[in-house]
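Structure, as structure tokens:
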Amino acid sequence: MTRRSVFGSVRLGYVVIESARFSEWRRFGRDAIGMHLDEPLSDVMRFRLDEHECRFLLQRGPAEDVVALGWQLDDHDVFDEILTRAIHSGVPVTEGTDEEAALRGVERLVRLPGPNDLAQELFVRPRPGEAKLHMAARGGFVTGDLGMGHVAITSKQPLQMRGYYTNVFDARLTDYIDETIDGVKLKIRFLRVNPRHHSVAIASVRRLPMNPIRTRVQHLNIQVADLDDMTAAYRRVKQLGFTMALGIGQHTNDKELSFYAQTPSGFEWEVGWNAILVDESTWEPRTHQGISIWGHNPEGQSLVDKIKQVKFGAQSLLQREDPVRALAGVGIPDN
């Protein structure tokens, strides 16, 4: 069977979050981060960044976590190619209901199981939002052909997770970062599915099968078009009393200026500006030492938070992590 590459025809389209903390999320997403908030329903809340009807879907539930990633595909040929890969691998494919598609602002979706119990949803056509955008981020957000940002995931099986995104979306390795935090050595792999520097980052503890993060994702990222909107969001997060995880700084690899706030559900939310794009004709992966050129200093982590991370890490040693091996293969060896 001839395999057609789908690289460049995929972008992160939306994120689904399960939470019971709607009032806190309303203040966080609309008032602090500056996104457009649709008129919320009793069990559903939707945020927009642009003309798409939905970029973040919150559904009421106990998880306090991201539960699904929605991937926008260029056309139905790409859709069918990825679907064929999943079906030929024997992976169960679930057709989304009309109600699920409507909540996500898409015409049709299918769902694949993903690593770390993070569902992967595929769609082609997003629906445009009808209401006029009302956002504190006056310059808007960087989306379009690049998608809406990235997700960072911690894993005990990083090579299998990289294999999954490579086999499903033809993701390419952009670079690595080696970092030591509180004495724990981490390796982070950055994967791209289009010219955005990365849409998925995979972090792992070196030489130890543990995961110190409770949630399926460590952080979500969105990118503003204007520097003033990033610094204004930073001020609003602090003024409204939300926890700042990392202050403003600049990354070593994608050169993005950003900060990290803690969401009401516990994972982190990065707001960034001016990340570089990848030139496929010249790019070569390399390893960077440390996540930051400057800044990104911890601001909100207490001793209790650190103890919780140690506890989660210890518990994870005994927990199984499903890499969806049928699509991950044996994993991608690091170069």
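Residues VAL237, VAL278, VAL224: which one is over 20 Å from ASN297 (Cβ atoms) and buried (at least 22 other Cβ atoms within 10 Å of the Cβ)? The unique qualifying residue is VAL224.
Okay, residues lined up against (1) at pLDDT below 95; (2) not hydroxyl-bearing (Ser, Thr, Tyr):
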{"site": "LEU246", "(1), (2)": "no, yes"}
{"site": "GLN250", "(1), (2)": "no, yes"}
{"site": "LEU257", "(1), (2)": "no, yes"}
{"site": "TRP283", "(1), (2)": "no, yes"}
{"site": "SER292", "(1), (2)": "no, no"}
{"site": "LEU303", "(1), (2)": "yes, yes"}
{"site": "GLN309", "(1), (2)": "yes, yes"}
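Pairs linking a residue in segment 35-51 that is over 14 Å from ARG127 (Cα atoms) to a residue that is among the polar types (S, T, N, Q), with Cβ atoms under 8 Å and 6 or more positions apart or on different chains, are ASP43/GLN59; VAL44/GLN59. If the condition is being surrounded by fewer than 22 Cβ atoms within 10 Å (Cβ to Cβ) and of a type in the set (Gly, Ala, Ser), then segment 102-126 contributes ALA102, ALA119.
So in segment 66-101, with the set limited to residues that are of a type in the set (Ser, Thr, Tyr) and assigned to a loop (DSSP other than H, G, I, E, B), which one is surrounded by the most Cβ atoms within 10 Å (Cβ to Cβ)?
SER89
Of all the criteria given as (1) in a loop (DSSP other than H, G, I, E, B); (2) farther than 21 Å from VAL324 by Cβ, the one not satisfied by THR174 is (1). Please determine whether any residue of segment 251-262 is within 24 Å of VAL16 (Cα to Cα), assigned to a loop (DSSP other than H, G, I, E, B) and in contact (Cβ under 8 Å) with a residue 40 or more places away in the chain. No, segment 251-262 contains no residue that is within 24 Å of VAL16 (Cα to Cα), assigned to a loop (DSSP other than H, G, I, E, B) and in contact (Cβ under 8 Å) with a residue 40 or more places away in the chain.
Per the listing VAL44, VAL15, the residue uniquely of a type in the set (Val, Ile, Thr) and buried (at least 18 other Cβ atoms within 10 Å of the Cβ) is VAL15.
Of GLY90, GLY70, all but one fail to be modelled with pLDDT of 95 or more, at positive phi and not basic (Lys, Arg); the exception is GLY90. Restricting attention to segment 181-196, the residues that are surrounded by fewer than 19 Cβ atoms within 10 Å (Cβ to Cβ), on the phi < 0 side of the Ramachandran plot and out of contact with any Lys or Arg (no Cβ under 9 Å at 6 or more places or on another chain) add up to 2.
The values are calculated or read from the model by the stated rules, or taken from the named source; none is laboratory data. What you are looking at is a predicted structure, and each value in this text was computed from that prediction instead of being measured. Cβ: placed from backbone, ideal geometry, glycine included. Neighbour counts: every protein chain shown.
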